[in-house]
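Undergrad: Okay, here's the structure, questions in a sec.
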């Protein structure tokens with residue numbers, strides 16, 4: 001079947017099998033390998049991407065279900081070599097160890113901050129409930145999201161001046 | 001894990017979805033958020049030949065007031081339910097239950113209609129619907145019928161929903177200010193309840209204490225007769241025969257039902 005959607009700002013049109021999962025479309029058809037297949041059971045969050053701005057687990061979304069919608073992967077954050085505020089904060093706070101969960105964490109955090117730009121630490125922990133870090137590096141991940149939120153506040157304050 | 005092949009159809013209206021269901025019969029499944037069905041298809045526990053996607057059927061979305069009831073479209077996603085001012089005001093137990101489902105990503109996709117039609121006895125929304133004494137509107141070729149929550153669930157993952165029907169909407173009483181209590185015992189933060197208990201308006205419902213979400217009728221009667229939360233909760237497991245699995249045996253589930261019912265009643269009574 002023909003599916004038309006937008007991925008990281010680019011319109012795409014592809015002939016896919018109805019059963020093709022979004023994560024496989026992104027990785028194998030488009031070569032976008034940031035979203036990882038971790039548990040493959042909607043648990044670990046390593047495959048998290050944004051669908052019309054909301055975080056979803058792309059191992060549990062059919063490509064067909066994303067038709068007409070906007071998909072954002074970690075490759076679509078930032079601008080060229082410049083990192084998005086969340087990516088920069090993960091680097092600054094060392095919010096990663098082995099890195100496997102990181103693209104999903106960054107996308108979940110990006111979605112979380114879009115919904116709640118000033119979360120408390122508890123809200124960050126609850127907001128990342130669907131993303132597992134098997135290195136157990138949660139403290140720095142939470143610190144990174146809080147730092148990104150604080151950086152966002154500074155940016156919007158400066159933009160307002 | 002890859003689902004078995006299927007044909008994918010997009011319904012443009014509820015009537016169109018019913019036509020497609022009539023055409024394809026039991027080979028077809030309705031697709032809402034897909035967060036129960038797709039995992040089952042990936043495990044090959046389900047292999048429908050046709051999926052009828054409801055995502056473009058806008059008439060199945062939205063939350064409104066109808067007299068003393070809230071009417072919630074079946075395609076309402078858990079995150080929308082949890083954030084809805086109407087639901088938070090009129091049926092706060094339901095908004096709270098929606099916020100307990102899975103994790104944020106799952107709540108962005110999963111729908112109330114899908115969760116109820118899937119009928120997992122361990123799930124949040126079936127228990128919440130039974131606790132609230134709500135009902136579901138089932139739409140079929142012969143029209144719409146309304147089924148009370150107590151009569152909707154018939155067994156593990158089974159409901160009265162016919163193969164030619166779709167769950168169109170959910171109705172719950174709107175009772176602003178009515179106290180409620182909600183308890184869910186899990187081993188992992190985003191898991192299904194090993195046992196759950198929800199209490200409001202004199203009704204108590206339990207999750208995962210049998211093949212369907214069940215009422216704790218003996219505890220309800222005791223509470224109505226003036227028993228304390230602790231006294232009423234002692235009767236919460238009466239008449240239940242919960243399943244056993246790696247998480248809990250029958251005696252432990254019955255113990256949890258008593259403890260969680262006491263906590264739910266204490267929360268309800270402030």
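Undergrad: Most exposed first by the Cβ proxy, i.e. fewest other Cβ within 10 Å, how do A:139, A:29 rank?
TA: Least crowded to most crowded, the residues run A:139, A:29.
Undergrad: Once you average over the residues of B:97-104, how many Cβ atoms of partner chains fall within 10 Å of each Cβ?
TA: Whole-number average of other-chain Cβ neighbours for B:97-104 is 4.
Undergrad: Here's something else I'd like to know. Distance between the C-alpha centers of the range B:194-256 and the range B:1-72? Whole Å please.
TA: Cα centroid of the range B:194-256 versus Cα centroid of the range B:1-72: 32 Å apart.
Undergrad: Also, quick follow-up: If you fit an axis through the alpha-carbon atoms of helix A:138-160 and take the longest principal axis of the Cα set of chain A, what angle between them do you get, 0 to 90°, nearest 10?
TA: Once rounded, the angle reads 80 degrees.
Undergrad: What's the ranking of B:92-99, A:96-103 by average number of surrounding C-beta atoms within 10 Å, highest first?
TA: Packing proxy ranking, top to bottom: B:92-99, A:96-103.
Undergrad: Among A:35, A:147, A:46, which one shows the highest mean-square fluctuation when chain A is modelled as a Gaussian network with alpha-carbon springs under 10 Å?
TA: A:147
Undergrad: Expressed as a whole number of Å, what is the distance separating the alpha-carbon centroids of the range B:80-94 and the range B:115-165?
TA: 20 Å
Undergrad: Sticking with this structure for a sec: Which whole-number percentage describes the relative contact order of the range B:182-269, with Cα contacts under 8 Å and a sequence gap of 6 or more?
TA: Here the relative contact order equals 30 percent.
Undergrad: If you don't mind, there's one more thing I want to ask. Per residue Cα convex hull volume for the range B:7-53, in cubic angstrom?
TA: Here the figure is 63 Å³ per residue.
Undergrad: Continuing with this model, one more query. Given labels modelled 7 Å from the Cα in the Cβ direction, how far is it in nm from residue A:97 to residue B:251?
TA: 3.9 nm
Undergrad: Most exposed first by the Cβ proxy, i.e. fewest other Cβ within 10 Å, how do B:76, B:261, A:136 rank?
TA: A:136, B:76, B:261
Undergrad: Sorted by average packing, counted as other Cβ atoms within 10 angstrom per residue and highest first, what order do A:18-27, B:40-49 take?
TA: Numbers: A:18-27: 22.3, B:40-49: 15.5.
The packing order, highest mean first, is A:18-27, B:40-49.
Undergrad: Further question on the same structure: Using the number of other C-beta atoms within 10 angstrom as an exposure proxy, rank B:182, B:8 with the fewest first.
TA: B:8, B:182
Undergrad: Please work out the FRET efficiency for the pair residue B:227 and residue B:7, using the Cβ-Cβ distance as r and a Förster radius of 60 Å; give the result to the nearest 0.05.
TA: Between residue B:227 and residue B:7 the formula returns 0.60.
Undergrad: Now for a different question. Given R₀ = 45 Å, FRET efficiency for residue B:16-residue B:189 by Cβ-Cβ distance, to 0.05?
TA: Plugging the Cβ-Cβ distance into 1/(1 + (r/R0)^6) gives 0.70.
Undergrad: Packing-wise, with mean Cβ within 10 Å as the measure, how do B:31-37, B:124-130 rank, highest first?
TA: B:124-130, B:31-37
Undergrad: Explain nothing, just the number: relative contact order of chain B, from Cα pairs under 8 Å at least 6 residues apart, as a whole percent.
TA: For chain B, the relative contact order is 16 percent.
Undergrad: Could you check the spin-label model distance between residue B:68 and residue B:241? Points 7 Å from the Cα along Cα→Cβ, value in nm.
TA: 3.8 nm
Undergrad: As a test of the formula, what do you get for the protein assembly as shown when each DSSP H run with n ≥ 4 contributes -39,500 (n - 2.57) and the sum is divided by the residue count, at 222 nm and rounded to the nearest 500 deg cm²/dmol?
TA: -10000 deg cm²/dmol
Undergrad: Treat each spin label as a single point 7 Å out from the Cα along the C-beta direction, and report the residue B:144 to residue B:160 distance in nm.
TA: Computed distance between label sites residue B:144 and residue B:160 equals 1.7 nm.
Undergrad: Note the angle between two axes, namely the Cα long axis of helix B:250-268 and the longest principal axis of the Cα atoms of chain B, as a number of degrees from 0 to 90, rounded to the nearest 10.
TA: For helix B:250-268, the angle is close to 80 degrees.
Undergrad: Would you tell me the mean number of C-beta atoms belonging to other protein chains that fall within 10 Å of each C-beta in A:53-59, as a whole number? Don't jump to the answer; show the numbers that get you there.
TA: Numbers: counts 1, 7, 7, 7, 7, 1, 4.
Mean inter-chain Cβ contacts per residue within 10 Å come to 5.
Undergrad: Helix B:14-24 sits at what angle to the longest principal axis of chain B, using alpha carbons and giving 0 to 90 degrees rounded to 10?
TA: 70 degrees
Undergrad: Report relative contact order for the range B:7-53 in percent, whole number only (criteria: Cα-Cα under 8 Å, sequence separation at least 6).
TA: This gives 57 percent for the range B:7-53.
Undergrad: Name all residues of the range B:25-65 having a backbone nitrogen under 13 Å from the label point set 7 Å from the Cα of residue B:89 along its Cα→Cβ direction, giving them as ranges.
TA: B:64-65
Undergrad: Report, as an integer, the average count of C-beta atoms from other chains found within 10 Å of each Cβ along B:200-206.
TA: Working: counts 0, 0, 0, 0, 0, 0, 0.
Per residue, the average neighbour count from other chains is 0.
Just so you know, all these numbers are worked out from the coordinates, no wet-lab data involved. These numbers were taken from a predicted model, which means no experiment stands behind them. Heads up, the Cβs are rebuilt from the backbone with ideal geometry, glycines too, and the neighbour counts pull from every protein chain shown.
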